[in-house]
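Engineer: Attaching a single structure in structure tokens format; questions to follow.
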Amino acid sequence: MIRKCLFPAAGYGTRFLPATKSMPKEMLPIVNKPLIQYGVEEAMAAGMHGIAIVTGRGKRSIEDHFDISYELEHQISGTSKEAFLEDTRRVIDTCTFSYTRQVEMKGLGHAILTGETLIGPEPFGVVLADDLCDGEGGDPVLAQMARIYAKYRCSIVAIEEVPAEEVHKYGVIEASPLEEDIFMVSDMVEKPEAEDAPSNMAIIGRYILTPDIFDVLRRTPAGKNGELQITDALKTQAKEGMVLAYKFKGQRYDCGSVDGFVAATNRFYERYKQGA
Ligand code: UTP
């Protein structure tokens, strides 16, 4: 039902300097696979095969990654090493990739608006690849959200309860329960101080958005830090229509931070050793 997924990947990744000085944050590997490939595989598993990536300067390696490398393939052809490229080949064979560039980094909302040209007038998923999500029981978080979309047909944000001292890193919602793990959003605040936060329910890097979000973004003024904030546009959508928040089943790792990156590496290395 949802065919496309947008990957805003133009940010500077300053929390991970110097590794991200000339390498995209999205290409940082968790064990032997770059972050963005985990995200693309999650979208693919949710049936979203149209992969739209918003890149920026210095991000060309993302495009090269989702392409055939003839020299390399020729070199390893017929050897056991071919197996290392199986997942990547499956992604390339199943999905289509389109790219556009965000010329000025004016915030996540602006990056999503930049992606309009690749998405068009249809609902779409959004994955922030530095949030690595490990869906419970192998059920990808985006697939969980797509099922909720099929029932409610409105924008949905994935949320996680975080400690009060961490709410300042996130968009935080005010909401009332609708059904188990699903909430109706009434308000949102971008990166509030703990005392101003309406709850401890923080938005993480998975969204399903209805295409009217683009018009809302166009009429949304710059917000916190002078950036166009997706939370401000979602707040308008919530007030004029309906936005749901979904407490996803699974584990999220903030791989844009060193602590989250190391935790994810340890977890996925365990799995790698078990051959899964
Ligand atoms: P972050 O807040 O993680 O910013 O952006 P960042 O620049 O990537 O990383 P830090 O905080 O400096 O370490 C959230 C997501 O939005 C994208 C980023 O690529 C990331 O996936 N983004 C952000 C854009 O694509 N464009 C922007 O102008 C801002």
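The values are calculated or read from the model by the stated rules, or taken from the named source; none is laboratory data. Model, not experiment: these values are computed from the prediction. Please note: Cβ atoms are built from the backbone with ideal geometry, for glycine as well, and neighbour counts cover all protein chains shown.
Engineer: State all residues of segment 200-225 that are in contact with a strand residue (DSSP E or B) (Cβ under 7 Å, 6 or more places away or on another chain) and either on the phi > 0 side of the Ramachandran plot or not hydroxyl-bearing (Ser, Thr, Tyr) (or both); if no residue qualifies, say none.
Structural biologist: Residues satisfying the conditions are 200, 201, 202, 203, 204, 205, 206, 208, 209, 213, 223, 224.
Engineer: If you check residue 272 against the conditions, is it touching a residue at least 40 places away in the same chain (Cβ under 8 Å) and within 16 Å of the ligand (Cβ to nearest atom)?
Structural biologist: No: the conditions fail for residue 272.
Engineer: Given the condition in contact with a strand residue (DSSP E or B) (Cβ under 9 Å, 6 or more places away or on another chain), within 13 Å of the ligand (Cβ to nearest atom) and either modelled with pLDDT of 95 or more or of a type in the set (Val, Ile, Thr) (or both), answer yes or no: does some residue in segment 79-95 qualify?
Structural biologist: no
Engineer: Please verify whether segment 216-236 includes one or more residues that are modelled with pLDDT of 95 or more, buried (at least 17 other Cβ atoms within 10 Å of the Cβ) and basic (Lys, Arg).
Structural biologist: The answer is yes; a qualifying residue exists.
Engineer: Condition test on residue 52, is it in a loop (DSSP other than H, G, I, E, B), among the hydrophobic types (A, V, I, L, M, F, W, C) and within 14 Å of the ligand (Cβ to nearest atom)?
Structural biologist: For residue 52, the condition - in a loop (DSSP other than H, G, I, E, B), among the hydrophobic types (A, V, I, L, M, F, W, C) and within 14 Å of the ligand (Cβ to nearest atom) - is not met.
Engineer: Sticking with this one: Suppose we filter 111, 83, 150 for residues that are part of a helix (DSSP H, G or I), in contact (Cβ under 8 Å) with a residue 12 or more places away in the chain and surrounded by fewer than 21 Cβ atoms within 10 Å (Cβ to Cβ); which single one remains?
Structural biologist: 150
Engineer: Could you pull out the residue among 249, 191, 273, 239 that is exposed (fewer than 15 other Cβ atoms within 10 Å of the Cβ), under 19 Å from the mean Cα position of the chain (by Cα) and of a type outside the set (Gly, Ala, Ser)?
Structural biologist: 249
Engineer: What about residue 14, is it within 12 Å of the ligand (Cβ to nearest atom), surrounded by fewer than 18 Cβ atoms within 10 Å (Cβ to Cβ) and either at pLDDT 95 or above or over 22 Å from residue 84 (Cα atoms) (or both)?
Structural biologist: So residue 14 fits the description; yes.
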